[in-house]
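**Q** Take a look at the following structure, please.
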Amino acid sequence: MRSPIPDFLDETLDRHRSDRSGANADYIPDLAAADPEKLGICISTLDGVEYTSGDSEFEFSIQSMSKPFIYGMVLEQEGMAAVLDMVGVEPSGEAFNELSLDKMSGKPLNPMINAGAMVIHSLLGEPGTSLAERIEIVRAGLSEFAGRQLRVDDSVAEGEWGEAYRNVAIANMLRSYGVYTDQPDAVVQGYIAQCSILITTRDLGIMAATLAAGGVNPISGKQVLSPRVNRQVLGVMMTCGMYDAAGDWMTEVGVPAKSGVSGGVFGVLPGQVGIATFSPRLDKHGTSVRGANIFRTLSRELSLHIMDAPEPARSIIRRDRRFVDSQGVMVRICSLQGLIQWSGAENVIRTMDAPESNVEAFVLDLRRVNEINGVARRMLTEAMSRLEEEGKRIALMDPEDMLLCQSPSSSLPDVEYVDSPKALKGLRRLREDWSQRAV
Ligand code: GLU
């Protein structure tokens, strides 16, 4: 079968291709000269498949889209507390290059605006790290996210440095407030080199998928960020990634995202996909016009909005049956399905807890469950222990060992396994199974 997904992406690009509104960034010569007709997209899955269309192999500079990744690297290097001490996580509601610091603390409001990103950049490496070494740390680090070796485009960097009056002003202001002690010019040059790393739309899709996969690069399989840091990065992207359009973006598109003045936009749907687009003409916020509109289309047509409520928790209980076995014992079987998280486990516990004094045996059938997260696992094992304390018999149908595999052994209830649906026909048979398969 020819997958319909590439066709859908081709059609989506075609729908937006004729939109020529907006203009290239004009303050960086190479961006001003970029071909404004370029248009590319990549949707990258968490198991390493990239669906691309258009100019997805065309290279452009990463610009501000580097900020979340470098933020993650510095969080890993310095620890959460030390970084939060220097750069906040509050949306500024201002343009990316605003000369602003938090009025109370004197620190940059967040790591997505230039002031915060420059402080974050200055923290890379050991104290005393040279400019060249810092640039190499950036290059190597971003390459880990992309899963291939990236390089700095010196022409883009030199062009931006020639016009970097505003970023130099911000860096000097930060230095004068004592936010960092490095030489402001070196910080700006390093930050500009960071922004000048070349990527393709495909690279950007993989980088986005790495964040969507909890920090694991889907191509190399490498854990590039720890899950906790990854979550912090996504939280900041969600609230601050789109600068003064963050509210509009979150309500309308609902995908944590970051744009760059080169025309790239990437979005991350945790646990699902990474998405990247490229088209150089920008709106007044500095975000690609066609890129943002493509995200709107994808969000709508693929139901990607992060706030769309998932299916209600009760749908995880597929069947709840009772039967009386040949010896007159009442057995209750709860068959579960899908992904079980806190709310689903709460629902199962409530169901198991129904005041039915005549139920003597409970069977939890997990054969159709895809995943049980840590908290749900703890809740269900605890509930089973309590039922057991009350004198009930507990059995599991869990051929893939979903429930007990990661529980600390001290909390394991004395559970017994059945693996044959036929065993459920009668408790006598069930008991035979239990005695053979007792854990
Ligand atoms: N290098 C650019 C700047 O600092 C990045 C801005 C952006 O992409 O939003 O001005």
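**Q** Keeping to segment 282-298, report how many residues are open to solvent by 10 Å² or more (accessible area, probe 1.4 Å) and part of a helix (DSSP H, G or I).
**A** Going through segment 282-298 one residue at a time, the tally reaches 3.
**Q** Considering only segment 26-39, I want to know if a residue exists there that is closer than 24 Å to G178 by Cα, of a type outside the set (D, E), within 16 Å of the ligand (Cβ to nearest atom) and in a loop (DSSP other than H, G, I, E, B).
**A** Keep residues of segment 26-39 that are closer than 24 Å to G178 by Cα, which gives none.
No - not one qualifying residue is present in segment 26-39.
**Q** Here is a list: M65, M112, M73. Which entry is assigned to a loop (DSSP other than H, G, I, E, B) and aliphatic (A, V, I, L, M)?
**A** Answer to the selection: M112.
**Q** Separate question: Just name the residue that is farthest from K67 (Cα to Cα) out of those in segment 208-243 that are more than 11 Å from the chain's Cα centre (by Cα) and free of Cβ contacts under 8 Å to residues at least 60 places away in the same chain.
**A** Checking each candidate, the answer is G221.
**Q** Moving to a separate point now. Which residue pairs have Cβ atoms closer than 8 Å, lie 6 or more positions apart in sequence or on different chains, and pair a first residue in segment 14-36 that is free of Cβ contacts under 8 Å to residues at least 12 places away in the same chain with a second residue that is open to solvent by 80 Å² or more (accessible area, probe 1.4 Å) and of a type in the set (D, E, K, R)?
**A** A32/D26
**Q** Checking Q272 against (1) within 13 Å of the ligand (Cβ to nearest atom); (2) surrounded by fewer than 23 Cβ atoms within 10 Å (Cβ to Cβ); (3) within 20 Å of the chain's Cα centre (by Cα); (4) not acidic (D, E): exactly one of these is not met. Which one?
**A** (1)
**Q** Could you tell me whether P108 is within 16 Å of the ligand (Cβ to nearest atom), open to solvent by 50 Å² or more (accessible area, probe 1.4 Å) and not charged (D, E, K, R)?
**A** The answer is no for P108.
**Q** Continuing with this model, one more query. Quick check on this structure: which one of G79, G72 is in contact with a Gly (Cβ under 8 Å, 6 or more places away or on another chain), over 24 Å from S155 (Cα atoms) and at pLDDT 95 or above?
**A** G72
**Q** Here is a further query. Can we say G205 is in contact (Cβ under 8 Å) with a residue 40 or more places away in the chain, surrounded by 22 or more Cβ atoms within 10 Å (Cβ to Cβ), within 16 Å of the ligand (Cβ to nearest atom) and under 29 Å from the mean Cα position of the chain (by Cα)?
**A** no
The values are calculated or read from the model by the stated rules, or taken from the named source; none is laboratory data. For clarity, every value in this text was computed on a predicted model and none was experimentally measured. Backbone-built Cβ (ideal geometry, glycine too); neighbour counts: all protein chains shown. Please note that ligands, DNA and RNA were not included when accessible areas were found on the heavy atoms of the full protein model with its side chains. Shrake-Rupley method; radii C 1.70, N 1.55, O 1.52, S 1.80 Å.
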